[in-house]
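A.B. asks: Take a look at the following structure, please.
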Amino acid sequence: MIHNIIAEREKRNKQDAFPADAFNDEELLRLIEQVEERELIHAPRHLKEDVFQRIDRQRERERSRKLIFYRVQVLAGMAAALTVLLLLPIEGQNASERERPAFVNHFWQGEEEAANDEWQQAVLAREQEIDRQWERYRKKQERKEAGEQYLREMKAYITNYFE
């Protein structure tokens, strides 16, 4: 089909002074019919692969955009949560009694608090909290070890029973 078009163009160039790609309506309709009947126009060999590769690249770009957007959302949420934790009062305490980090106090009140007793109380409260957490951890470990010991004893009992 394509070689026929080229041959016809060459003939026309020799016969006419018109440009090679000028078809009248009859020739154009005949060309369309020939293409529909014979299906001689084919897509390039790697067109399908190229299309799928482009689609895959677009999907990857979209995934990376979504991932970046998700990371930004998580970071914004973390920043908001930290801000809320630093600025909101603790239940059961008024604004003057609650502990705030030194940089928050500095910006909040505009001057340094020189009360050594408050600082010592904060340190003592923190140490007590650490002691409570350590005690909870130790009890949890004791329960875990007791459970493991029980399982070892049960295993030994069962193996002795079947022997």
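The values are calculated or read from the model by the stated rules, or taken from the named source; none is laboratory data. Nothing here was measured: the structure is a model prediction, and the numbers come from that model. We work out accessible area using only protein heavy atoms, side chains counted, and drop any ligands, DNA or RNA first. Shrake-Rupley method; radii C 1.70, N 1.55, O 1.52, S 1.80 Å.
A.B. asks: Quick check on this structure: which one of ASP56, ASP25, ASP21 is within 19 Å of GLU8 (Cα to Cα) and at pLDDT 85 or above? Before the answer, list the steps.
C.D. replies: Working: ASP56 fails: within 19 Å of GLU8 (Cα to Cα); ASP21 fails: at pLDDT 85 or above.
Sole residue among the options that is within 19 Å of GLU8 (Cα to Cα) and at pLDDT 85 or above: ASP25.
A.B. asks: Can you pull out the residues in region 36-53 that are modelled with pLDDT under 75 and open to solvent by less than 100 Å² (accessible area, probe 1.4 Å)?
C.D. replies: Hits for region 36-53 are LEU40, ALA43.
A.B. asks: I'd like to know if region 100-120 contains one or more residues that are at pLDDT 85 or above and aromatic (Phe, Trp, Tyr).
C.D. replies: As a first pass, look at region 100-120 and keep what is at pLDDT 85 or above: none.
For region 100-120, residues at pLDDT 85 or above and aromatic (Phe, Trp, Tyr): absent.
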